[in-house]
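Below is one structure, written out as structure tokens, with a few remarks after it.
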């Protein structure tokens, strides 16, 4: 689908010449005085990309220099608020902190501007271009020279090694976004996208938080008015009364750690042999409890926890770019092993094994964007050894109505979550 003008407004129609002049100023190092050159090289082009929350212009000057100019979806009209400004400042600080302390292949920030008083009339981050293809393209392409399984294993090992490097940042005393104070990192509020309806978004802030439970107390989304009474009761019992009290808090394991906010296919760039080219899109990253921190599984190998109506053997050959639950379980075992090797047995790697469960419930409890019954049904399937989606759905409904032996089921859920 084409991008919506009601969402992105004038950000979709920034003149190419303005983008060229900004990129040329960056190339020449003239941004301190913002003296844009009177001319730009003849060989040049602009490609526009967009996601849910940003517009990206890839600008090429000459044959050797490419820059990425990234503009947040809130960067126009009344969406550009002081909170949105601070969120961008945190993103820049996070990228620069990673460049300073790790070898993770991420974009280098050339310049940024949190005002609209510049050549393109919008807030932006100008950064280096990361080559490579989206992970999904390399992960599923049957025609590349390197065998498919070899590619996948190489990719998982490389992602695990890069994520393990986040341990170099150490731990932090609170859940929140990072800012730079000289060479030191400080923790500020968390930033989140909030829908305003009519295809408009706003950045909101909350926290920082001393504990995971304080975070959940502030972000827990009760059942919506569209849920029937039994579904609302089921959510309260499974998520709020059972899962969240068992959620491992960072305080008992040395603090909170930085992790990528959306480690999925579109944000991981690979070469054709499966080697890692880069990890992009660190928007709104903040520290997390270690159980959903840098040791967690990438999202693309946890999709079965959001689609439990698939049978374990379903290979889904009729669907594009999809692995079966059986395959995803195997990938998680391989990634768990790769993370253990990358961490060399250090504290934290023990969280990988169940990170997909904790992250699923973190999404389900604190976001309207995750369909929470799906996650609860998957947990019931796993914990009570039910064979299919329909039986687990019926059980969840009975939990809501009070027709099931809730104390026995609650004990099964607690045992499953506590099991090594």
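Some values worked out for this structure:
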| read-out | value |
| --- | --- |
| Test for residue 167: is it buried (at least 19 other Cβ atoms within 10 Å of the Cβ), touching a residue at least 24 places away in the same chain (Cβ under 8 Å) and under 30 Å from residue 58 (Cβ atoms) | no |
| Residue selected from the stretch 44-68 under the condition in contact with a helix residue (DSSP H, G or I) (Cβ under 6 Å, 6 or more places away or on another chain) and modelled with pLDDT of 85 or more, by the criterion farthest from residue 126 (Cα to Cα) | 55 |
| Pick from the stretch 171-184, criterion touching a residue at least 24 places away in the same chain (Cβ under 8 Å) and surrounded by fewer than 17 Cβ atoms within 10 Å (Cβ to Cβ), ranking: farthest from residue 95 (Cα to Cα) | 173 |
| Some residue of the stretch 105-123 being assigned to a helix (DSSP H, G or I) and surrounded by 20 or more Cβ atoms within 10 Å (Cβ to Cβ) | no |
| Counted residues, the stretch 77-98 - those being assigned to a helix (DSSP H, G or I) and closer than 29 Å to residue 16 by Cβ | 12 |
| Options 153, 187: the member that is in contact (Cβ under 8 Å) with a residue 40 or more places away in the chain, surrounded by 19 or more Cβ atoms within 10 Å (Cβ to Cβ) and at negative phi | 187 |
| Of residues in the stretch 399-420 being free of Cβ contacts under 8 Å to residues at least 12 places away in the same chain and assigned to a helix (DSSP H, G or I), the one nearest to residue 355 (Cα to Cα) | 411 |
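The values are calculated or read from the model by the stated rules, or taken from the named source; none is laboratory data. Fair warning: this is a prediction, and the values are worked out from it, not measured in the lab. Counting neighbours? That spans all protein chains shown, and the Cβs are built from the backbone with ideal geometry, glycine included.
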